[in-house]
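Take a look at the structure set out below.
What follows is calculated from the coordinates using simple rules that are stated; it is not laboratory data. As the structure is a prediction and not an experimental result, all values here were calculated from the model. Reconstructed Cβ throughout: ideal geometry from the backbone, glycine too, with neighbour counts over all protein chains shown.
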Amino acid sequence: MKAIISDIHGNLEALNAVLEDIRKRDIDQIICLGDMVGYGPSPVECLNIARDFSVSILGNHEEATLFRAGSRDFRVRAEMAIEWTKKQLFDRDQQSSEQSLKFLHNLQETYHDGDEFYVHGSPRQPLRDYVYPKDIQNHRKMGEIFSRVTKFCFCGHTHLPGVFRDDGTFTHPEDLPTGVYLTGKEKVMVNVGSVGQPRDGDRRSCYVTFDGDAVVFRRVEYNIEETVKKVYAAKELDHSLGERLRTGK
Ligand SMILES: [Fe+2]
């Protein structure tokens, strides 16, 4: 069984809590859909852990950290967090910086496993495309997405978990009895939510497990105040990046 996680965003406490939950289950692969860094106060520690995942793919925050200072894609607080993240990565000892850089440079934009397609954003634009629940009404957009999907697609990026189906419906995990989505003949795109910065109003970390048929949305409590304290201690990180963790918005 696979555990699929995304958008850790430098939140070590959330990542450790999710990994502890994963360890209790029969998981043989951890697949990470990008944005391991950015916003949060522990980017290097999160990258050090991510190096051991079965597969990690590139998110827009890794791309910005590597290549694009001052990108127009980022608002001021996100951009400041990227600059701060770079400093954390490059101001460590040489060996640590080299390891992080090598790992980031080797991240691929997409990953395929049989009829499973893994991306950060969407199959149209793996790094950049946001697919929100309301987009299910946008038949052209969803048609373009599903034309690139054989059966399953897993994504992150919006931090909003749920299941998009090619029959034009979207299901929020809250509307699934016991949080389990059983797949049938339809094509699905599953947003796995965010480990380190949930935005669906539930402040707990989110990830999914997948056994080939059932997608199970899992929520995990972690020590939010510990992370908030670290955000406040880094003066380049806007306080709102800590405060939003308390509400999951
Ligand atoms: Fe993200």
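Observations
- Every residue from the range 181-225 that is aliphatic (A, V, I, L, M) and more than 25 Å from residue 10 (Cβ to Cβ): 182, 188, 189, 214, 215, 216
- Test: residue 34 is in contact with an Asp or Glu (Cβ under 8 Å, 6 or more places away or on another chain), of a type outside the set (Val, Ile, Thr) and in contact (Cβ under 8 Å) with a residue 12 or more places away in the chain: yes
- For the condition under 18 Å from residue 205 (Cα atoms) and in contact with a Cys (Cβ under 9 Å, 6 or more places away or on another chain), residue 55 does not qualify.
- Of 184, 201, all but one fail to be among the small types (Gly, Ala, Ser), farther than 17 Å from residue 156 by Cα and either more than 17 Å from the chain's Cα centre (by Cα) or surrounded by fewer than 24 Cβ atoms within 10 Å (Cβ to Cβ) (or both); the exception is 184.
- Note on the range 204-242: among residues that are polar (S, T, N, Q) and closer than 29 Å to residue 115 by Cβ, the one that is nearest to the chain's Cα centre (by Cα) is 205.
- Residue 6 vs. criteria over 12 Å from the mean Cα position of the chain (by Cα) and either buried (at least 19 other Cβ atoms within 10 Å of the Cβ) or within 16 Å of the ligand (Cβ to nearest atom) (or both): no
- Applying the criterion of at least 1 residues that are in contact with a Gly (Cβ under 9 Å, 6 or more places away or on another chain) and within 16 Å of the ligand (Cβ to nearest atom) to the strands (runs of 3 or more DSSP E) found wholly in the range 149-229 leaves 152-155, 162-165, 188-191, 205-210.
- One residue alone among 147, 100 is buried (at least 21 other Cβ atoms within 10 Å of the Cβ), among the hydroxyl-bearing types (Ser, Thr, Tyr) and more than 15 Å from residue 32 (Cα to Cα), and that residue is 100.
- Cβ pairs under 7 Å, 6+ apart, first in the range 150-169 and within 21 Å of residue 39 (Cβ to Cβ), second more than 14 Å from the ligand (Cβ to nearest atom): 155/189; 160/133; 161/173; 161/217
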